[in-house]
Amino acid sequence: MADELLRRLDAAVGKLLDQNHQLKQECHQLRQEKVAWQQEKTELLEEVGQALKRLDGLELEDI
């Protein structure tokens, strides 16, 4: 009986360790994706800012 409980406990711990490993990998990947998205957001905001400045410049020339 004790051997069966230990076997089941060992199997459960093994599953938990596997899940933990997978979650750590996923978390690492998500953090990398977050950094990439933040960089892309920053670049896009800079492009929008430059486009708005050009538009402001065009509007001033038309006046």
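Please give the charge dipole size of the chain, origin at the Cα centre, charges +1 on K and R Cβ atoms and -1 on D and E Cβ atoms. Round to the nearest 20 debye.
On the way: 9 positive and 14 negative charges, 117 e Å.
Rounded to the nearest 20 debye, it is 560 debye.
Pick from LYS34, LYS53, LYS24: which is most flexible by mean-square fluctuation in a GNM of the chain where alpha carbon atoms under 10 Å apart are linked?
In the Gaussian network model the winner is LYS53.
Between THR42 and LYS24, how many nm apart are label points set 7 Å from Cα along the C-beta direction?
2.9 nm
Quick one: what are the phi-derived ³J(HN,Hα) couplings along region 6-23, Karplus 6.51/-1.76/1.60 with θ = phi - 60°, whole Hz, x for glycine and proline?
Each residue's phi maps through the Karplus curve to give 5, 5, 5, 5, 4, 5, 5, 5, x, 5, 5, 5, 4, 4, 4, 4, 5, 5 Hz.
Given the -39500 (n - 2.57) contribution per DSSP H run of 4+ residues, what per-residue ellipticity at 222 nm results for the chain, rounded to the nearest 500 deg cm²/dmol?
Details: 1 runs with 61 residues, N = 63.
Rounded to the nearest 500, it is -36500 deg cm²/dmol.
Leaving out ligands and nucleic acids, and using a 1.4 Å probe, what accessible area per residue does the chain come to in Å²?
On the way: 6340 Å² over 63 residues.
Computed with neighbouring chains in place, this is 101 Å² per residue.
Given [x] 34; [y] 53; [z] 68, which label gives percent of Cα pairs over 17 Å apart as computed from the coordinates?
[z]
Which lysines does LYS24 reach when only Cα atoms under 30 Å apart count, and residues fewer than 8 places away in its own chain are ignored?
LYS15, LYS34, LYS41
Summarise the accessible area of the chain (1.4 Å probe, protein heavy atoms) by the percent that is carbon and sulfur.
Taking all protein chains in place, the chain shows 58 percent carbon and sulfur surface.
The values are calculated or read from the model by the stated rules, or taken from the named source; none is laboratory data. In this text, all values refer to a predicted model and were calculated from it rather than measured experimentally. Heads up, the Cβs are rebuilt from the backbone with ideal geometry, glycines too, and the neighbour counts pull from every protein chain shown. Remember, those area values only see protein heavy atoms, side chains included, never the ligands or the DNA or RNA. Shrake-Rupley method; radii C 1.70, N 1.55, O 1.52, S 1.80 Å.
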